[in-house]
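What follows is calculated from the coordinates using simple rules that are stated; it is not laboratory data. Since the model is a prediction, treat every value here as computed from it, not as a measurement. Positions of Cβ are generated from backbone atoms using ideal geometry, with glycine treated the same way; all protein chains shown enter the neighbour counts.
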Protein chains: 2
Amino acid sequence: MPTPLLSREELIDRLFEVFRDEGFEGASMADLAAATGLGKSSLYHAFPGGKDEMARAVLAAIRARIASGVVGALQGPGPVAARLKRMADAIDVLYEKGTVGCLVGAFSQGKSRRAFRPELQDIFGLMIDALAATLREAGIASAEARRRAEDAVLAIQGSLVLACGTGDPAAFRRLIKNFAPRLLEP
Amino acid sequence: MPTPLLSREELIDRLFEVFRDEGFEGASMADLAAATGLGKSSLYHAFPGGKDEMARAVLAAIRARIASGVVGALQGPGPVAARLKRMADAIDVLYEKGTVGCLVGAFSQGKSRRAFRPELQDIFGLMIDALAATLREAGIASAEARRRAEDAVLAIQGSLVLACGTGDPAAFRRLIKNFAPRLLEP
DNA sequence: GTCTATAATAGGATAGAC
DNA sequence: GTCTATCCTATTATAGAC
């Protein structure tokens, strides 16, 4: 029967949630198998490289989601302020109003940061570059635009660390609320 | 011979570095033993509760270090701006100019965040409360002072996530440089 | 207080049947 | 493509000598 129980997309989505919530080291093959409803061997059939390959597949999926959802919002039509607002909404959806952590942030700390550095650099760079380009469109000087873009990405990450550590998403919510005006203030 | 090779303080300091660099799940007893120069059994003698007890001892030590170094700087003499500058310097020392990660941030993501939530809440609360109180001294309204304090702590965490993930401490350095003026701007 | 040795288990990964 | 069964290593933890 060549029909898999879950599509590869669905599979990666389940794996994503486990890696995001448990971290790379914290996610065991047993956890990943349980979350997908598959046996461990079936996971190895789909990802012969094991945990490492699963994590890379998940990172690639996140990158795509950020490129279409978050960066896509920036590159749509309308004035810069409206596009930034749509980016903030996309981030709010991505992190479920601050109730879930960030896999990229989780992988960035601890042992896993070394194994996945290229992917992490790529994803952070993608967001910062796109945001900086948009701010330049609004007439903000190049260097200042980049600083603000870095500050915004860093604030998202920091607010999620706080939300995960304390269980309180208030700082994340406030960040999302003030996202666009803050980036454009004189 | 009742004389240990390392004092408990030194012991905890070595454990701290491993937990900070590898994360809770990523730090193995073998890593911890190697870093202290002790056998695994000796570690169990000092910390009968194993990894969990070591992590709690390390968190208590960090809390003390933050209370004396970072919060201590805020509560010293002089005008608020000078005290904030000293706090920024203390943070710069604590994170070695952005070349090392934050254990509290690392423990806040992944599996470990659940086991250590009370300790994490306590440490984040300590910093935010102390910073907010100082900003109120400078005449900033209570709610606004708390928002700014949260933003500052969140920015420190976020800049360290970025530094760890990309290997580039530039955003952290910039944050430290502008720390005091940014908090006090009108 | 530290060590060597060893238990006990969990984790990652593979083999081969269906 | 999925499963059961198994292997092997790493990991946590303990026992007991010195």
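Farthest toward the positive end of the dipole of the range B:1-117, out of B:Leu43, B:Ala115, B:Val93, is the Cα of B:Ala115, where the dipole comes from beta carbon charges about the Cα centre. With 10 Å bins beginning at zero, the pair-distance distribution over Cα atoms of the range B:15-101 amounts to 17, 37, 26, 15, 5, 0 %. Here B:Pro48 yields copy-to-copy label distances, from shortest upward, of 5.2 nm, the label point defined as 7 Å from Cα along Cα to C-beta. From its DSSP helices (H runs of at least four residues, each -39,500 (n - 2.57)), chain A gives a residue-normalised ellipticity at 222 nm of -23000 deg cm²/dmol. Comment: the Cα-to-Cβ extended label point of B:Glu9, at 7 Å, lies 6.0 nm from its counterparts in the other copies, nearest first.
Using the beta-carbon distance between B:Ser142 and A:Ala133 and R0 = 25 Å, what value does 1/(1 + (r/R0)^6) give for FRET efficiency, to the nearest 0.05? Kindly include the intermediate steps, with their values, before the conclusion.
Numbers: r = 38 Å, r/R0 = 1.54.
For B:Ser142 and A:Ala133, the calculated efficiency is 0.05.
What fraction of the Cα pairs in the protein assembly as shown, stated in percent, has a spacing above 39 angstrom? Percent of Cα pairs beyond 39 Å in the protein assembly as shown: 18.
Angle of helix B:142-166 to the longest C-alpha principal axis of chain B, folded into 0 to 90 degrees and rounded to 10: 50°. With label points set 7 Å from Cα along Cα→Cβ, the inter-copy distances at A:Pro79 are 3.9 nm, sorted shortest first. Once the C-beta distance of A:Asp52 and B:Glu96 is scaled by a Förster radius of 25 Å, the resulting FRET efficiency is 0.30 to the nearest 0.05.
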